[in-house]
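The values are calculated or read from the model by the stated rules, or taken from the named source; none is laboratory data. What you see is a predicted model, and the numbers here were worked out from it, not measured in a lab. Positions of Cβ are backbone-derived with ideal geometry, glycine not excepted, and every protein chain shown enters the neighbour counts. The area values use the complete protein model at the heavy-atom level, side chains included, leaving out ligands, DNA and RNA. Shrake-Rupley method; radii C 1.70, N 1.55, O 1.52, S 1.80 Å.
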Protein chains: 4
Amino acid sequence: MNAKPKRQHSYNQGTTLSAWREALNQIVFGSETAAGRRFDIAVIVAILLSIFVVMLDSVADFQQRYAAALLWAEWLFTGLFTLEYALRLICVRRPWLYARSFFGIVDLLSILPAYLGLLLPGAEYMLTLRILRLLRIFRVLKLSEYLEEADILVVALVNSVRKITVFLYAVLTLVVVFGSLMYVVEGPAAGFTSIPKAVYWAIVTITTVGYGDIAPKTPIGQMIASTIMIMGYGIIAVPTGIYSAELLNTRKNQYLDNRACPNCGAASHDFDAAHCKFCGHRLDE
Amino acid sequence: MNAKPKRQHSYNQGTTLSAWREALNQIVFGSETAAGRRFDIAVIVAILLSIFVVMLDSVADFQQRYAAALLWAEWLFTGLFTLEYALRLICVRRPWLYARSFFGIVDLLSILPAYLGLLLPGAEYMLTLRILRLLRIFRVLKLSEYLEEADILVVALVNSVRKITVFLYAVLTLVVVFGSLMYVVEGPAAGFTSIPKAVYWAIVTITTVGYGDIAPKTPIGQMIASTIMIMGYGIIAVPTGIYSAELLNTRKNQYLDNRACPNCGAASHDFDAAHCKFCGHRLDE
Amino acid sequence: MNAKPKRQHSYNQGTTLSAWREALNQIVFGSETAAGRRFDIAVIVAILLSIFVVMLDSVADFQQRYAAALLWAEWLFTGLFTLEYALRLICVRRPWLYARSFFGIVDLLSILPAYLGLLLPGAEYMLTLRILRLLRIFRVLKLSEYLEEADILVVALVNSVRKITVFLYAVLTLVVVFGSLMYVVEGPAAGFTSIPKAVYWAIVTITTVGYGDIAPKTPIGQMIASTIMIMGYGIIAVPTGIYSAELLNTRKNQYLDNRACPNCGAASHDFDAAHCKFCGHRLDE
Amino acid sequence: MNAKPKRQHSYNQGTTLSAWREALNQIVFGSETAAGRRFDIAVIVAILLSIFVVMLDSVADFQQRYAAALLWAEWLFTGLFTLEYALRLICVRRPWLYARSFFGIVDLLSILPAYLGLLLPGAEYMLTLRILRLLRIFRVLKLSEYLEEADILVVALVNSVRKITVFLYAVLTLVVVFGSLMYVVEGPAAGFTSIPKAVYWAIVTITTVGYGDIAPKTPIGQMIASTIMIMGYGIIAVPTGIYSAELLNTRKNQYLDNRACPNCGAASHDFDAAHCKFCGHRLDE
């Protein structure tokens, strides 16, 4: 319904652009024209290829055999994306607003590591951040319903952020206290060489990951570990419960806010309501 | 109610068959006649035995001691299933529709690996795909309610496929970004020999599997790992929440009616309600 | 409400007993009299002690040092429990019904392993089955509400048994197919020495346990493993969703079936119903 | 609404204090005045710093290099917190009630380990218990909504405590029985050196932690382990289901009203409804 206009980014509204910048804008930002769609698809293919190149470059075998080709390809993609970023800044209506928007920052992050890698060797591997740019794929493929579904998931997350903060504080307290306890009980012999490491073990255990690189050896340590495991097993129910309840609630609110009362204008009626719950007027008149 | 007709496969409708093919169809596809039931049970027993034989064949001890007998048994079962597949093609009303149907493909997949194994040694172990044929067991044992329950589960899955796609994209982004980060921070010394391997580690960690074959060794690596673990622990709530909410909705839609009371307008009556539960008026007047 | 009578076991109803057997029954089966309560508490303490003794006996250190004392204690407890079992058989109204009831079998299982251990060394460790007898603790401590809560949990489980069967069949299919695939791809070098072992690995992985004793080593194996991990991570949502929905439903049914219509006698009205949904009569008249 | 007064602790009500103790109380217990807020923030910073010092002290590298400074810092913080505890006892209205309250015990626990460490070396590491004092952060930052959300989580936990007790008893029974079974089947060769250790393994497995330090080696052991894994995978649904259902119930009771329409008798109106949503009649007439 009104989802489309909301999706139109504010940095592309307001000012009028000169003819060529407007045409460029249609191609670079829009996906309604054939040229715009082709551009978007080219960008997505380039993103996928460039991530593939970065990954290959990190595999020692390939790196040694095709060092030159990989380097060349990486800088080619970086060059292209830098050019694209420049074009976006040139043809957007409000460049500074775009640069600070989510997509603006993602676009910058997808070229920065390459230049940073000249100073800090290794930083260029963070070019995989380009995967974030793939979010555009949903828009190009006209998958706006997917973005709406994502909205529901995000709204439910935002609504439960307080409960999850409280939950995370509780988890943090548990891992610090149990970590210290295990450091005292087990000591360096079993791999608990310091409290931070013991806290790391407690996180590995309470989240049920359980690498096994550090594991209790003494009977008392194993008893304490059993306690924290069963706790972790139990409290995984907490975020799930929070989120399920919130999601059900969000979904319910979805069904609510369609009709407005013809008398008083109030909205958010239940879907089985025949009368406005505020003024008593019939809703469907 | 109308579930039975829906279950009747379209490839067995339409054309009339000659007498003997009709009789064969009753036995091979039907499970109403005594002969049809006996045939189905024989097939199920043969499937279980053949999977057992394939599994035994993969155990080195048995393989060496009973090589000839196992080979003989495997080809016996493959021969029988090939014969059965041929019979099905002969006596079905629309052979081509059957061949492309779910069960047609499964029936083919349960003999193909044997012949493929002659060219590609090892492929014959995929004969365990025969386990998919066991789906027929539900029909033979008159467990159509189970299939209806399965329908509910599948409908809820299909309804939540968009949300789960969005969720999987988010997980993929997380493991690629965190994997790259760990490759930069930890490096080959701790087993993070390439970005793909680091991404594999991130998947092992975020799903809380935690083999421990690769594990962070530096304090910074362990801090990043802790973050991804707690994230994984938290976002496991997301698919559970999605699916629970969807399942509740599917169930609710099943049980709740959309009729409104003609007197007071109240809705959300049970399916078996004849009168409005609020004002007592007949619902179907 | 009517929960108490339901809890009264059928094997203790019907026939009349002679005076002394009736008195014994009061003590052994009942927990209303002071003697009955003392007997129950003595039994519970004996169970806990005997499990403790069995556990100690399995620890090599203790076994070597206190071999005689432990042997003596084990047979003392076994003798006491055998005597108790005999007493129960003597004073119960329908001995054969008791012997086949849940508690009758548990009581037998808690002495059998000791005698079995004379023939099969090691069997005596299964005396820890005595822990099942602790179920009586809920009755003794007048925790009948706990048993009612347990009933709700069990009813929800029973109601979702079909969905869970379908789910388990799906999981079984997945682990067999993926296990075979990994056996073909990885082979004995990485620990996948046979299909059954590869299936075991698939179960360890899909349930997110992840011991790490067997783990994929080749890139293709790690890709397949990633798929099964993300699947396992996702489908853990299925039983949780099934069970949550069922539990909510059970709870809802709890609120329903209290009032009966004064006109037609129909029950299972919603708790917000003012009129019978079947005949339209007011419910509270 | 009435949440604020509830939060006012009972140990700070009743008796009147002399002028200087009242002023001290405002600073130490209150967070309304500027001085009170500054005091609270100073305490929170001191807690974070002192936990950081304790953690650093446990890292061998730092311990050896800065032994004197760390010891000095630890005793400085302990001295400050001891002084603070004394001040709280002096200026509170009912010292004994405070000492036995949750925060009173936490405040004591955050200094005790330091003195205990003089007798029992190692105990001083439990000073990390100071993290519990951070709970005050929610009050200082005026995050009372967070505490209310926490209340909802806690209420749902308390309401489901019976179900969870029953569930934990079931889990305990499973791990003891399966642990004993594995001890008999696998024996010391695979690391199952005693029943308690086998029970520890069963807990590690059923909670899906899976360290891998102990893992079954025989085919029969791996079959039993598979059973317990799938059980663990399935029954993780139980606490999640319990908690989700309880949380939904808590929330529902919060939002839904028990008023019935005086005209048509319909119930389940929203809290903010003035008119019946079915017939439009005023609800409060």
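Observations
- Of all residues making up the stretch D:158-200, the number that are touching a helix residue (DSSP H, G or I) at 6+ places or on another chain (Cβ under 8 Å) and outside any helix (DSSP H, G or I): 5
- For C:I111: the one exception among (1) under 30 Å from D:G191 (Cα atoms); (2) exposed (fewer than 14 other Cβ atoms within 10 Å of the Cβ); (3) in contact with a Leu (Cβ under 9 Å, 6 or more places away or on another chain): (2)
- Restricting attention to the stretch B:172-186, the residues that are open to solvent by less than 10 Å² (accessible area, probe 1.4 Å) and more than 8 Å from chain A (Cβ to nearest Cβ) add up to 2.
- Screening the stretch A:202-241 for residues that are more than 8 Å from chain D (Cβ to nearest Cβ) and in contact (Cβ under 8 Å) with a residue 60 or more places away in the chain and picking the one that is farthest from D:L127 (Cα to Cα) gives A:P239.
- Of the residues in the stretch C:46-59, at least one is modelled with pLDDT of 90 or more, open to solvent by 50 Å² or more (accessible area, probe 1.4 Å) and not aromatic (F, W, Y).
- Filtered residues of the stretch D:20-64 (kept if within 14 Å of chain A (Cβ to nearest Cβ), β-branched (V, I, T) and without any contact (Cβ under 8 Å) to a residue 60 or more places away in the chain): D:V53, D:V59
- Note on the stretch C:75-127: among residues that are assigned to a helix (DSSP H, G or I) and basic (K, R), the one that is farthest from C:I51 (Cα to Cα) is C:R100.
- Test: residue in the stretch B:90-97 that is open to solvent by less than 80 Å² (accessible area, probe 1.4 Å), aromatic (F, W, Y) and either more than 14 Å from every other protein chain (Cβ to nearest Cβ) or under 21 Å from the mean Cα position of the chain (by Cα) (or both): no
- Selected residue (criterion: farthest from A:S58 (Cα to Cα)) from residues of the stretch B:188-201 that are open to solvent by 10 Å² or more (accessible area, probe 1.4 Å) and facing chain A (nearest Cβ under 9 Å): B:V199
- Filtering C:T82, C:T165 for residues that are within 27 Å of C:R38 (Cβ to Cβ), more than 11 Å from chain D (Cβ to nearest Cβ) and open to solvent by 20 Å² or more (accessible area, probe 1.4 Å) leaves a single hit, C:T82.
- Residue within the stretch C:202-214 that is outside any helix (DSSP H, G or I) and in contact with an Asp or Glu (Cβ under 6 Å, 6 or more places away or on another chain) present: yes
- Some residue of the stretch D:179-201 being without any contact (Cβ under 8 Å) to a residue 12 or more places away in the chain, under 23 Å from the mean Cα position of the chain (by Cα) and within 21 Å of C:T128 (Cβ to Cβ): no
- Residue check, C:A34 open to solvent by 20 Å² or more (accessible area, probe 1.4 Å) and at pLDDT below 90: yes
- Taken together, the criteria place A:S226 among residues that are modelled with pLDDT of 90 or more, part of a helix (DSSP H, G or I), of a type in the set (G, A, S) and open to solvent by 10 Å² or more (accessible area, probe 1.4 Å).
- Test: residue in the stretch C:242-251 that is buried (at least 18 other Cβ atoms within 10 Å of the Cβ), modelled with pLDDT under 90 and more than 14 Å from chain D (Cβ to nearest Cβ): no
- Some residue of the stretch A:137-145 being over 20 Å from A:V45 (Cα atoms), surrounded by 17 or more Cβ atoms within 10 Å (Cβ to Cβ) and facing another protein chain (nearest Cβ under 10 Å): no
- For the criterion of being modelled with pLDDT of 85 or more and open to solvent by 40 Å² or more (accessible area, probe 1.4 Å), A:L70 fails.
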